[in-house]
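Visitor: Got a structure here, written out as structure tokens. Questions coming.
The values are calculated or read from the model by the stated rules, or taken from the named source; none is laboratory data. Bear in mind the structure is a predicted one, so any value in this text is a computation, not a measurement. Every residue, glycine as well, gets a Cβ built from its backbone with ideal geometry; the counts of neighbours run over all protein chains shown.
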């Protein structure tokens, strides 16, 4: 009888527990649905601005190396022999004009030789006058029979010999006077003295080098380019040359060598340089030839990240998530870097602070920079403590 009365009580208890469990489950389900939207909004790792790839006209440049040398170097030597140098009037680095006196030789011995040659000429002229008179008288007696034909011919021959001796004496006098003029060493052209071997008191022979001069003070850059690149360079092209001293100077291609070195397979390009005190003959220099310009997609340097030897950028996807994109870069113009592979026009990229982000992070955008080669400044990245809490 007791067992029969307990069964309804147990049933009531079980039903009550079931109702309580169902209410708890329903309440938990509603509470869970309310919490889901908050969990679906992850915290932004960084506040950034966005930039789009820009169409920028970039110059085409060809880099080359070479030496800076004199356009033409004149060797100034002695034209007189066995004369003593008495004056040296210029030194290395001096700028000279055409016809300027550079050095002087002693002229005492030359003056004595000129005087001797002049006296010999006077003597020859006197002898020639006497021979001419004798020949004239002999010819006047030719029909009288007073002189034989042989004697008349001897007088005529003596006259011609005397005239030849006068011409020879005149030539010797001219040579000695020319030698006297060579006692002064003159500059053959405007230029800059690049070397000096002349020493006061030295007795030098004819042809001895006394000075070297850079004609016109003109320098040129002899650039070496490969045989497949030389056809791209034309006379008149501009070049920007940077000397070993760091000085930059403008140049113009004067001529391209018509041959290629069979050993190095390189060709020389001769570039006239503008005058600059920081550029000296003998310097090594690197330069760039300007070969025109083309359009290219560019991103600002601040948007690029170098990781593991490769260049990346952070592309902003829908929902402000970022994706790490591997890029191929090319030419540069100021802050703009050409992207040859990896980006498309219209995409958005983190304009700055990309190094603080990882693939899949969420960012907060402040403003979107206009497509330009010079993007707006980015907002400063979050403090390290905030980044560490991410």
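Visitor: Could you say whether any residue in region 274-290 is part of a strand (DSSP E or B), free of Cβ contacts under 8 Å to residues at least 60 places away in the same chain, in contact with a strand residue (DSSP E or B) (Cβ under 6 Å, 6 or more places away or on another chain) and over 21 Å from residue 60 (Cβ atoms)?
Guide: Within region 274-290, not a single residue is part of a strand (DSSP E or B), free of Cβ contacts under 8 Å to residues at least 60 places away in the same chain, in contact with a strand residue (DSSP E or B) (Cβ under 6 Å, 6 or more places away or on another chain) and over 21 Å from residue 60 (Cβ atoms).
Visitor: Still on this structure, I have one more. Look at residue 85 and say whether it is touching a residue at least 24 places away in the same chain (Cβ under 8 Å) and part of a helix (DSSP H, G or I).
Guide: In short, no.
Visitor: Looking only at region 90-129, which residues are modelled with pLDDT of 90 or more, part of a loop (DSSP other than H, G, I, E, B) and surrounded by 13 or more Cβ atoms within 10 Å (Cβ to Cβ)?
Guide: 90, 94, 100
Visitor: In this structure, is residue 242 touching a strand residue (DSSP E or B) at 6+ places or on another chain (Cβ under 9 Å) and touching a residue at least 12 places away in the same chain (Cβ under 8 Å)?
Guide: Here the answer is yes, as residue 242 does meet what is asked.
Visitor: Follow-up. Tell me, which strands (runs of 3 or more DSSP E) lie completely within region 318-370 with 2 or more residues that are modelled with pLDDT of 90 or more and within 26 Å of residue 308 (Cβ to Cβ)?
Guide: 322-333, 336-341
Visitor: Right, another one. Being at pLDDT 90 or above, on the phi > 0 side of the Ramachandran plot and either surrounded by fewer than 12 Cβ atoms within 10 Å (Cβ to Cβ) or more than 34 Å from the chain's Cα centre (by Cα) (or both): is that true of residue 282 here?
Guide: Answer is yes for this residue.
Visitor: Criterion first (assigned to a helix (DSSP H, G or I) and in contact with a helix residue (DSSP H, G or I) (Cβ under 7 Å, 6 or more places away or on another chain)) does residue 160 satisfy it?
Guide: no
Visitor: For region 199-231, which positions are more than 30 Å from residue 272 (Cα to Cα) and either surrounded by 20 or more Cβ atoms within 10 Å (Cβ to Cβ) or free of Cβ contacts under 8 Å to residues at least 12 places away in the same chain (or both)?
Guide: 204
Visitor: Suppose the filter is at pLDDT below 90, in a strand (DSSP E or B), surrounded by fewer than 15 Cβ atoms within 10 Å (Cβ to Cβ) and touching a strand residue (DSSP E or B) at 6+ places or on another chain (Cβ under 9 Å); does residue 293 pass it?
Guide: Spelling it out, residue 293 is indeed at pLDDT below 90, in a strand (DSSP E or B), surrounded by fewer than 15 Cβ atoms within 10 Å (Cβ to Cβ) and touching a strand residue (DSSP E or B) at 6+ places or on another chain (Cβ under 9 Å).
Visitor: At positive phi, in contact with a strand residue (DSSP E or B) (Cβ under 9 Å, 6 or more places away or on another chain), at pLDDT below 90 and surrounded by fewer than 18 Cβ atoms within 10 Å (Cβ to Cβ), is that true of residue 309?
Guide: no
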